1. (1) assigned by TED's automatic domain parsing to the domain that holds Cys114; (2) of a type in the set (A, V, I, L, M, F, W, C); (3) free of Cβ contacts under 8 Å to residues at least 60 places away in the same chain; (4) outside any loop (DSSP other than H, G, I, E, B): which one isn't true of Met79, the others all being true?
2. Identify all residues within the stretch 493-542 that are within 25 Å of Gln571 (Cβ to Cβ) and assigned to a helix (DSSP H, G or I); write none if there are none.
3. Among the candidates Glu237, Glu262, which residue alone is under 30 Å from Ala364 (Cβ atoms), assigned by TED's automatic domain parsing to the domain that holds Gly316 and touching a Phe, Trp or Tyr at 6+ places or on another chain (Cβ under 7 Å)?
4. Could you check Val565 against (1) buried (at least 24 other Cβ atoms within 10 Å of the Cβ); (2) modelled with pLDDT of 95 or more; (3) among the β-branched types (Val, Ile, Thr) and say which number it fails?
5. Assess whether Ala53 counts as being outside the structural domain of Thr260 (by TED's automatic domain parsing), surrounded by fewer than 17 Cβ atoms within 10 Å (Cβ to Cβ) and part of a loop (DSSP other than H, G, I, E, B).
6. Six or more apart or on different chains, Cβ atoms under 6 Å: show the pairs whose first residue is in the stretch 102-123 and in contact (Cβ under 8 Å) with a residue 40 or more places away in the chain and whose second is among the acidic types (Asp, Glu).
7. Filter the stretch 98-128 down to residues that are out of contact with any His (no Cβ under 8 Å at 6 or more places or on another chain) and among the polar types (S, T, N, Q) and give me whichever is farthest from Pro493 (Cα to Cα).
8. Could you say which residue among Ala135, Ala193, Ala199, Ala150 is surrounded by fewer than 22 Cβ atoms within 10 Å (Cβ to Cβ), more than 15 Å from Phe225 (Cβ to Cβ), touching a residue at least 24 places away in the same chain (Cβ under 8 Å) and among the small types (Gly, Ala, Ser)?
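The values are calculated or read from the model by the stated rules, or taken from the named source; none is laboratory data. Note that the structure is predicted; figures quoted are calculated from it, not measured. No Cβ is skipped: glycine too gets one built from the backbone with ideal geometry, and neighbour counts run over all protein chains shown.
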Amino acid sequence: MTLHPVVSAVTDRIRERSRKEREAYLRRMDEMAQRERGADRMGCANVAHAFAALPANDKLKVVAERAPNIAIVSSYNDMLSAHAPYAGFPEVIKDEARRHGATAQVAGGVPAMCDGVTQGTASMELSLFSRDVIAQATAISLSHDVFDAALMLGICDKIVPGMLIGALHFGFLPTVFVPGGPMPSGLTNQEKAKARELAAQGKLGRAELLEAEQKSYHSPGTCTFYGTANSNQMLMEAMGLHVPDSAFVNPQDGLREQLTREAVRTALSITRGRRFTPIARLVDERSIVNALVALLATGGSTNHTIHWVAVARAAGIRIDWDDFAQLSAVVPLLARIYPNGQADVNGFQAAGGPAYVIRELLDAGLMHEDVFTVREAGLREYTREPGVHEGRLQWRDVGPSRDSEVLRPAGEPFSATGGLKLLEGNLGRAIIKVSSVPADRHLIEAPARVFDSQDALLRAFGAGELEAACRENGTGGLVCVVRWQGPRANGMPELHKLTPPLAVLQGEGWRVALVTDGRMSGASGKVPAAIHVSPEAASGGPLARVRDGDLVRLDADAGTLQVLVPDAQWQARSPAAMPSEQAERNGFDLGRELFAGFRRHALTAEEGACAWV
């Protein structure tokens, strides 16, 4: 199939834009790959320290027999459902490595925080920067430099991007990502969302709300909605960094262990010799574009308009929001997964999952097929689904969609476009996800109500002020502007707590929208939200000039975000200063003072909000 001209043009533009940095990056990685292996290169004391804890047989293999040594970098902890399944993975990996004459060591762990736990709390202001801490922890884990390959055990929001950034800084190593899988389905996401809206209206008590939440989040595995965590897994499949179609197999399924063992065999197959494939060569501009296309085709998380910019940068590749927007205009929406549909990720997998999506995109010329993956057969192998047949792990063609309400072919999509739009205007540049926003809400023009924090908006809603404003302003609507939420202001927390109250207002018939320099959860949905507004207010961005009552126009179809104030008046306005109580609040409490340097040095959201550049 001929590659779509827009996909080709975007890829060419990224390649040309990145040429100098990419060439320098590959040069460094090639030089590192050509060194002697660590156990031969290092001093005797260094080698003795590195392998002192290994069983004698393993020590003999790695030192005397020069066997491959695999690094295991894990996000395991036992308080978070997504990471708890990783507890037993290292022993399985070591056993499989030994069966193939190799060794494996747990090189290190990375922190894993859960945005579901920290939503609306002070700890959320550490969330985005935890990605860069994870990248640093991955680098520290690999810095002992005695490894021939790496397995990355990570799954959730910042963990996979952080591990991938760290792995790309050690891009001379072949690397395979190992998923843990989603929890089985519990209370439906629709019922959970309804419970939250009723609670926001005061119609459901805490005990009843807690019961609903616990029925939704109920066992080991990732959450079942298609937020950032599960979007990560789709992107890993599209980039060829997983064992094919291993993303959404439940932790309790016996197939999960077989796929983990296959990850070991896969890593060993690309470690030396003819198929040596370090991750630096695998992650190129084509695989980055493939990831973006898969994100758009499945209605994935808006957080990746930040994270994948940072991932690409780690590989010497520069992408921006124009690339997302131009791809979104031609990539059809093939999946309906909550919050963009009724099904959860288990329903998505049952309907055909990543294998179906990748096949449809390849056949439609919307993905690059001529890319490296961790598998010899290339990306086409990712269009097949695994199973155990006659005691052996085997793959077979995914076939047609098994549920047309969840997955559709590229020729009959749910929407002709990917649903992610770039907004531009005198309020800056922003991202909006419209795949689940009703078509009659793509254009909102209403007076602004300006808030300096998430809590301030929630208090106003609780006091009935937002509904009163909608009644009184003559437009039947309201644009809530929440500023001082960008990377340099307070670490760019997700503002997911705003979804229920705004959804309540919209459900009552009011025309409401959110405009913010903060993030929304990967599960944000039906309320129009212009997010990641750049430059942010704390850097003197336009949101610092907005005042209560200013008429704001958000037009997702036209791609505009404007305050309708005469230009001379607008330019004459001095930007507001961050309120002192907001600045003080962001300084101390729950360790936020440790991240002051991250806030000072963070790039813009469109540049990946990186604090390590």
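1. Only one criterion is unmet by Met79, namely (4).
2. Ala537, Ala538, Ser539, Pro542
3. Step by step, each of Glu237, Glu262 is checked, and only Glu237 is under 30 Å from Ala364 (Cβ atoms), assigned by TED's automatic domain parsing to the domain that holds Gly316 and touching a Phe, Trp or Tyr at 6+ places or on another chain (Cβ under 7 Å).
4. (1)
5. Yes; evaluated as a whole, the condition is true for this residue.
6. Thr103/Asp58; Asp115/Asp157; Asp115/Glu494; Ala122/Asp589
7. Ranking the qualifying residues of the stretch 98-128, first place goes to Thr103.
8. After applying the criteria, what remains is Ala199.
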